[in-house]
Amino acid sequence: MVNCIRLNSVLRATSRALGTTSGRKQRPLVAEKTDQNNATKSNFSDVQSVRHEQAKHSVLVACPAKITESKFLKYLSQYGELAHHFFFDSNGTHAVVEFVDLQSIESLLSGTRIPNDEDVFVVPYKSRYIKVKTTEVGQQFPKCSPQSSIPTNSLIDKLCRAENIEDQAHLLLDELQLTEESIRLRYLVGSLISDIATAYFPEASVHLYGSSVNCFGKMGCDLDLFLNLDNIKGYKSGKTTSAYTAEFWMRRVSSGRTAQQKILSVIGESIDTFGPGCNEVIKILNARCPLVRFSHQPSGLQCDLTADNQIALRSSELLYIYGTLDHRVRALVFALRCWARIHSITSSIPGQWITNFSLTMMVLFFLQKRNPPVIPTLDQLKSLAGKKEKSIIEGNDCTFVRDVNKIKPTANTESLDDLLIEFLEFYGKFNFRTNCIDIRKGIEKNKPEAAALYIQNPFEQTLNVSKNVNQTQLQRFVNLAQESAFILQDQVRESSKNGKPWGLASILLTKSSEKEPKTKKKRKSASERISNLLDSLKDNNTGKTQAEH
């Protein structure tokens, strides 16, 4: 665990850097350190420790629609020094307020009363989600931080005003990536759920994984959480010389999966019954990875809670490392994810199309194939790992170097313009019929089994992360890649914008290409294409496939 004194100094330095001004769209703390390849980069575990500590020091406050910000802060300051705050609008005006000391939160909660509702019985569960009322009038609406991305039309207008494709890609990244405020809110929600879980299992902890932490998260993405029970399972008492030993009397179940299902069932019921602001709780316990799905109304986040999902956390850390190694990685991934989503190549609805996770694997594989490579393979990251970094989870080798500063910067100097076109050309002619994608080795291999698209899971190597994708959806991706590559190359030949949408804007606007017969046929409208995609769900009985991490 990070030393508390060092952690507090980091938190205070972060707060001073960010200030306490609300309403500004702030870039994530980690992103500040990824702009230059030679800059010192923060390790995943250090970022997690700081974020969890920030969340523990924070409260979620439901505020009146109109409020005088200075008086609101003065009221809270009577309980202790404030480190950071911001307002946001989600099912009403809310504020996230971080205190410098934990004692301040205890003081605030001790002075907070239980609601006195005469018509209903209030469940007396006290959390760090509180409501502040005021009798003052004539106040102002506080300036709120955005919690969603700008509309596509506005985004395209901004892209058209950029100087070049590289500037477009970075502009798109800045507009779509999770803001500092959104990241803080997500960790706070995770911390509030942890408070519920630890009421039953005091040594357990709740961690974020997936898009919220892997530096590829888009504004509005789901919040993925997992309940870590390793501290309980790994508990061992000290050695004794006595002839007697004592052990906890515990219930026995047939398997670890059964234990996960029972634990998640209890936690899910508690979230539904006691969790303030938690609605629409669904227990999906028979899935390959049992989970509890719910909506956290105050934050507007859709949440999934699993148990003992260590491999998912390792996958998140691996993506984080790749995203921080070179400034082009995240910009390229965000550009291509946006391109794929606008053309319905990917979707938030489970189905037979490519997921964000699969598309990200394809981008990483492509970058490994450049000469010289932009990023190393997973096996190369494994070779840099020390003895303490060795990790075997459920028989799977999840070892890789965790200190990103030990990884040498790439000698590749290709521009984002070139990488974007080369990606589209690479997969426009990739031999999907016989080859699979493997970021562990960074080379094409023969498919181990029949599947339209085979992307090998980097850790659970017998699994195909894109097993859900059918041939029709893969061909749509190939056709669109070829069409978009042609458009960008044609613009390079013309070397002029001609007052029309250009660069990224032009391929975001172009219609998805479908292979059509030689006879002239009217192209289907966007609504018809979406309707056809939704119809394909009727044949899909696989449930939720790979999460969009």
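The values are calculated or read from the model by the stated rules, or taken from the named source; none is laboratory data. Bear in mind that the values here come from a model prediction, so they are computed numbers and not experimental data. As a convention, Cβ positions derive from the backbone with ideal geometry for all residues, glycine included, and neighbour counts pool all protein chains shown. When the accessible area is computed, the model is the full protein with side chains, heavy atoms only, and any ligands, DNA or RNA have been set aside. Shrake-Rupley method; radii C 1.70, N 1.55, O 1.52, S 1.80 Å.
Key figures for this structure:
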{"item": "Filter result (of a type in the set (Val, Ile, Thr) and surrounded by 16 or more Cβ atoms within 10 Å (Cβ to Cβ)) within region 369-392", "result": "Val374, Ile375, Thr377"}
{"item": "Conditions (1) more than 21 Å from Pro298 (Cβ to Cβ); (2) in contact (Cβ under 8 Å) with a residue 40 or more places away in the chain; (3) not in a loop (DSSP other than H, G, I, E, B): number failed by Ile130", "result": "(1)"}
{"item": "Residues within region 168-199 that are closer than 19 Å to Arg330 by Cα and crowded, with 17+ Cβ neighbours inside 10 Å, tallied", "result": "14"}
{"item": "Matching option when the condition is touching a helix residue (DSSP H, G or I) at 6+ places or on another chain (Cβ under 6 Å) and assigned to a loop (DSSP other than H, G, I, E, B), among Arg402, Arg433", "result": "Arg402"}
{"item": "Residue list for region 356-368, filter: open to solvent by 10 Å² or more (accessible area, probe 1.4 Å) and out of contact with any helix residue (DSSP H, G or I) (no Cβ under 8 Å at 6 or more places or on another chain)", "result": "Phe357, Gln368"}
{"item": "Single residue of Pro448, Pro409 found to be farther than 14 Å from Phe365 by Cα, open to solvent by 40 Å² or more (accessible area, probe 1.4 Å), touching a helix residue (DSSP H, G or I) at 6+ places or on another chain (Cβ under 9 Å) and of a type outside the set (Lys, Arg)", "result": "Pro409"}
{"item": "Residue in region 279-292 that is over 17 Å from the mean Cα position of the chain (by Cα), surrounded by 17 or more Cβ atoms within 10 Å (Cβ to Cβ), on the phi < 0 side of the Ramachandran plot and touching a residue at least 40 places away in the same chain (Cβ under 8 Å) present", "result": "no"}
{"item": "Residues of region 307-328 that turn out to be over 16 Å from the mean Cα position of the chain (by Cα) and open to solvent by less than 10 Å² (accessible area, probe 1.4 Å), as a count", "result": "2"}
{"item": "Residue within region 356-369 that is of a type in the set (S, T, N, Q) and assigned to a loop (DSSP other than H, G, I, E, B) present", "result": "no"}
{"item": "Residue within region 135-152 that is surrounded by 11 or more Cβ atoms within 10 Å (Cβ to Cβ), outside any loop (DSSP other than H, G, I, E, B) and at negative phi present", "result": "yes"}
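Residue by residue, here is whether (1) within 30 Å of Asp417 (Cβ to Cβ); (2) in contact (Cβ under 8 Å) with a residue 60 or more places away in the chain holds:
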{"position": "Gln177", "(1), (2)": "yes, yes"}
{"position": "Gly190", "(1), (2)": "no, yes"}
{"position": "Asp195", "(1), (2)": "no, yes"}
{"position": "Met219", "(1), (2)": "yes, yes"}
{"position": "Trp249", "(1), (2)": "no, no"}
{"position": "Arg252", "(1), (2)": "no, no"}
{"position": "Ile263", "(1), (2)": "no, yes"}
